[in-house]
Structure formats: structure tokens, C-alpha cells
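**Student:** Supplied in C-alpha cells, the structure appears directly below.
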Amino acid sequence: MDRPLRLISTNPVEELARTVEALLVVASAPLTVAELAEATADATERVGASLELLGERYREGRSGIVLEHVAGGYAFRASRAAAEACARLYERPIERGLSQAALETLAIVAYLGPCSRPDIARIRGVNVDGVVAGLVDRGLVSESGRDADLGAVRYRTTPLFERVFGLGSLSELPRLDDLGADVTEIRGRLETVAEKRPA
């Protein structure tokens, strides 16, 4: 007995979701709704609806691939359950972890950036040239102009930083007041450097 053919859905949002899904698979960085709308030549509202559909299809616990809103756009990542196997298959330097010095430097750039190496060194109290160079190599920070007075290169975090740390934007960083630790000294040092920097 012949089995009936299963028709592919003609729902326009589902069709658009398939195209959006393909764009996210081939993209090397998160794509914004506007970028997806431009690439699909479709309305942002419909792209948003297709992302909701994909978000349900590719959510944690349901799929080995998860759709996430990160670094101001949308991207696929491996699920937590599959992350270890993926790391064994394709290990990048950024996935090998960051030293305490790198994490401290990264936090300063994230909260104070753009800032220069001398700014970071004043806050940390040690030379940071090697640490900053390492963060640049990993793609977590990048150059962002020069200090008007000293001509020192200033650094800011990158979209990769937001993606690695699961942030939609830097505004999602926890406030220093919310960290619960003794941050009075850190805040004072940040404010001192910020006051000395040109606007």
C-alpha cells in the first residue's frame, strides 16, 4: 500500500525560518534582525517571528544546537550537553580558559573601555603588555583609537567577547554594586583612571 506523501509546509513564516536558519549556519558572526531582514529581503517583523520559531526548535535540552541572542545578534552554538565533545573535535585557544591576569584585564576593558595599556596597568599595578597582546590574539579585545594626550592605543572588547561570555551587549554586564564582593577599592581605581582620561 502506498504511503501518502507528506507535503512540506507552505506556511510563509516556516519557509522564512528555513532561510534564516541557513543564514545563521553559514554566518561567521551573530546576525542582527536587520541583517537577516536585508539578506532575506523580508520584513523585520516576519524575521522576528521566524527567529521565535527557530528558538523553540533549537532550545537547550531539545537539540544539540541552540539558537542564542548574543553580541547584539543571533547565532547557533553547541548545547551544553554537546560542548565537551565539540571542544575535543575543534579546540580553539579561547576555549582553553583564561588566566586570572587575563580575566582581570578583560574585566577592566569591559567596564572602562576603551582604555589604554597604561590605564590598565595603573589599575592592576603590574605590566599588562603581554596580557593585552594575548587578549588581542584571541580576538576578545581590539584597538579602538589612540589616547589624545599620550598617543597610547586604546582597547575595547569585541563582539566575540560578548558571544563567549553570553552577553547580548555590554549593558548586560553585572553592576559592580551587585557583585557582593569588596569592590570599593576597585571602583575607586576605575573612577580615578576614568577621571584622568580625556573624554
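**Student:** Which residues, taken from the stretch 135-165, are of a type in the set (D, E) and not in a loop (DSSP other than H, G, I, E, B)?
**Tutor:** Listed by number, the residues that qualify are D137, E143, E162.
**Student:** Same structure again: Kindly list, by first and then second residue, each pair from a residue in the stretch 105-119 that is of a type in the set (D, E, K, R) to a residue that is assigned to a helix (DSSP H, G or I), limited to pairs with Cβ atoms under 9 Å and residues at least 6 apart or on different chains.
**Tutor:** Sorted first by the residue in the stretch 105-119, then by its partner, the pairs are R117/D129; R117/V132; D119/I108; D119/L112; D119/V193; D119/A194; D119/K196.
**Student:** Step by step: first the residues of the stretch 170-189, then only those that are in a loop (DSSP other than H, G, I, E, B) and either modelled with pLDDT of 80 or more or among the aliphatic types (A, V, I, L, M) (or both), then the one that is surrounded by the fewest Cβ atoms within 10 Å (Cβ to Cβ). Which residue is that?
**Tutor:** This residue is A181.
**Student:** Which pairs have Cβ atoms under 9 Å, sit 6 or more apart or on different chains, and link a residue in the stretch 136-156 that is more than 17 Å from A29 (Cα to Cα) and outside the structural domain of L98 (by TED's automatic domain parsing) to one that is in a loop (DSSP other than H, G, I, E, B) and at pLDDT below 85?
**Tutor:** Matching pairs, first to second residue: none at all.
**Student:** So, in the stretch 111-156, of the ones that are among the polar types (S, T, N, Q) and over 17 Å from S99 (Cβ atoms), which residue ends up surrounded by the most Cβ atoms within 10 Å (Cβ to Cβ)?
**Tutor:** My answer is S116.
**Student:** Let me ask something else. Would you point out the residue of the stretch 61-80, among those that are modelled with pLDDT under 85 and loosely packed, with under 12 Cβ neighbours inside 10 Å, that is farthest from L170 (Cα to Cα)?
**Tutor:** G61
**Student:** Those residues that are of a type in the set (G, A, S) and more than 17 Å from the chain's Cα centre (by Cα), I need them from the stretch 18-47; list them, please.
**Tutor:** Passing the criteria: A22, A34, A37, A39, A41, A43.
**Student:** Would it be correct to say that T192 is more than 24 Å from the chain's Cα centre (by Cα), surrounded by 11 or more Cβ atoms within 10 Å (Cβ to Cβ) and modelled with pLDDT under 60?
**Tutor:** Yes.
The values are calculated or read from the model by the stated rules, or taken from the named source; none is laboratory data. Owing to the predicted nature of the structure, the values given are computational and were not obtained by experimental measurement. Quick reminder, even Gly has a Cβ in these numbers, built from the backbone with ideal geometry, and neighbours come from all protein chains shown.
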